[in-house]
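K.L.:
One structure, pasted below without further comment.
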Amino acid sequence: MAGKKLDLVVVAPTFYPSVDDLRYLLGAEACRQAAEQKISLLLIDASPLEQVKHGLEDAGKPFVRVVQQKWEGKKGVALREAIHVAFKELSKSEDDSVIAFMELEKVDMFRHWNPLVQHMVDTNSDVTVPRRADASFRTTYPIEQYFSENFVNLYLDSLGREIGLAPIDWTMGPVAFRSKFANHWLEYEGDLWDVQLVPLVNAHSIGAKVSSFKVDYQHPPTMKEQEEGSALWGEKRLYQINVLKDTVGARMKKIAQQAKN
């Protein structure tokens with residue numbers, strides 16, 4: 001119902017080999033930002049060291065909770081477990097609620113979650129995807145990632161038009177959805193970037209209202225420094241393009257074809 005406050009839980013799968021790892025340091029800062037914004041954050045963690053778990057929780061007290069991963073598998077499984085735990089806890093309340101997921105290293109996203117959820121209230125959206133402002137996207141991301149992800153966004157948008165889906169930032173990563181749509185993410189068994197996006201397409205196909213919300217997101221400079229100009233990371237971008245074509249793109253093509261039959 002438009003105008004009604006929505007409870008928010010942000011979830012993320014985590015794995016850090018040590019407390020010196022660059023992404024762990026960003027994750028700890030993200031936990032501090034979650035606490036500053038008073039956002040409940042649930043982490044499903046597969047890190048080998050207890051001090052990683054304690055460090056993340058200490059950084060975000062009392063808003064951050066770290067749970068040892070129990071479901072066997074990698075990132076996609078950990079994300080489903082995180083959504084499962086959040087959904088079970090939120091279902092105990094009669095209030096409408098939102099589950100959002102992200103990569104924890106996207107530290108600056110925490111200042112955008114509360115305005116994004118307000119946008120969901122104002123627009124009566126069921127699923128909302130943040131869209132990066134182009135200027136900050138271009139200047140704060142590795143340049144290869146800026147161009148590859150813009151290409152993927154344009155390609156998937158062209159397929160989205162065929163099924164009535166408005167343009168979104170497919171490749172940013174974070175997504176928020178009303179918890180009543182959690183089953184779409186829980187039932188999809190992919191393991192890479194598709195686990196974030198095929199469920200969104202499926203939710204749209206049964207009538208969920210999907211919207212976009214512009215954010216002036218600033219990517220961590222240490223990640224740009226590490227990845228820009230790297231052939232290894234360039235190859236990862238190429239791999240991502242093909243995975244998304246073969247999963248998200250294929251799903252939208254199938255829905256479009258079914259509509260014509």
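K.L.:
Can you run down the residue pairs with Cβ atoms below 8 Å, 6 or more apart or on separate chains, where the first is in the stretch 22-39 and more than 11 Å from Asp108 (Cα to Cα) and among the β-branched types (Val, Ile, Thr) and the partner is open to solvent by less than 40 Å² (accessible area, probe 1.4 Å) and not in a helix (DSSP H, G or I)?
P.N.:
The qualifying pairs are Ile39/Leu8; Ile39/Val10.
K.L.:
Collect the residues in the stretch 191-237 that are open to solvent by 10 Å² or more (accessible area, probe 1.4 Å) and among the small types (Gly, Ala, Ser), keeping them in residue-number order.
P.N.:
Ser205, Gly207, Ser211, Ser212, Gly229, Ser230, Ala231, Gly234
K.L.:
Another question about this same structure. Going through the stretch 134-154 one residue at a time, which ones are within 20 Å of Leu197 (Cα to Cα) and aliphatic (A, V, I, L, M)?
P.N.:
Val152, Leu154
K.L.:
From the list Met109, Met120, pick out the single residue that is closer than 16 Å to Tyr217 by Cβ and in contact (Cβ under 8 Å) with a residue 24 or more places away in the chain.
P.N.:
Of the residues listed, the single one that is closer than 16 Å to Tyr217 by Cβ and in contact (Cβ under 8 Å) with a residue 24 or more places away in the chain is Met109.
K.L.:
Among the numbered criteria (1) assigned to a loop (DSSP other than H, G, I, E, B); (2) open to solvent by less than 20 Å² (accessible area, probe 1.4 Å); (3) in contact (Cβ under 8 Å) with a residue 60 or more places away in the chain, which single criterion is violated by Gln240?
P.N.:
All conditions are met except number (1).
K.L.:
Is it true that Val127 is within 25 Å of Leu8 (Cα to Cα), in contact (Cβ under 8 Å) with a residue 40 or more places away in the chain and within 17 Å of the chain's Cα centre (by Cα)?
P.N.:
Yes; evaluated as a whole, the condition is true for this residue.
K.L.:
Based on what the data block shows, is Val98 of a type in the set (Val, Ile, Thr) and either open to solvent by 20 Å² or more (accessible area, probe 1.4 Å) or over 16 Å from the mean Cα position of the chain (by Cα) (or both)?
P.N.:
No: the conditions fail for Val98.
K.L.:
Could you please find all residues in the stretch 188-237 being among the aromatic types (Phe, Trp, Tyr) and in a loop (DSSP other than H, G, I, E, B)?
P.N.:
Within the stretch 188-237, Tyr188, Trp193, Tyr217 meet the criteria.
K.L.:
In addition: Determine, yes or no, whether Phe137 is among the aromatic types (Phe, Trp, Tyr), surrounded by 15 or more Cβ atoms within 10 Å (Cβ to Cβ) and in contact with a Phe, Trp or Tyr (Cβ under 9 Å, 6 or more places away or on another chain).
P.N.:
yes
K.L.:
Which of the numbered conditions does Ala256 fail, given that it passes all the others? Conditions: (1) open to solvent by 50 Å² or more (accessible area, probe 1.4 Å); (2) in contact (Cβ under 8 Å) with a residue 24 or more places away in the chain.
P.N.:
Ala256 satisfies every listed condition except (1).
K.L.:
Right, something else. When you go through Gln145, Gln51 one by one, which is the residue that is touching a residue at least 12 places away in the same chain (Cβ under 8 Å) and either crowded, with 19+ Cβ neighbours inside 10 Å or in contact with a Phe, Trp or Tyr (Cβ under 9 Å, 6 or more places away or on another chain) (or both)?
P.N.:
Step by step, each of Gln145, Gln51 is checked, and only Gln145 is touching a residue at least 12 places away in the same chain (Cβ under 8 Å) and either crowded, with 19+ Cβ neighbours inside 10 Å or in contact with a Phe, Trp or Tyr (Cβ under 9 Å, 6 or more places away or on another chain) (or both).
K.L.:
Whether any residue in the stretch 27-43 is crowded, with 17+ Cβ neighbours inside 10 Å and basic (Lys, Arg) is what I want to check.
P.N.:
Yes, the conditions are met somewhere in the stretch 27-43.
The values are calculated or read from the model by the stated rules, or taken from the named source; none is laboratory data. Everything quoted here is computed from the prediction, not taken from an experiment. Cβ coordinates were reconstructed from backbone atoms using ideal geometry, including for glycine residues, and neighbour counts include every protein chain displayed. Just the protein is used for accessible areas: all its heavy atoms, side chains included, with ligands, DNA and RNA removed. Shrake-Rupley method; radii C 1.70, N 1.55, O 1.52, S 1.80 Å.
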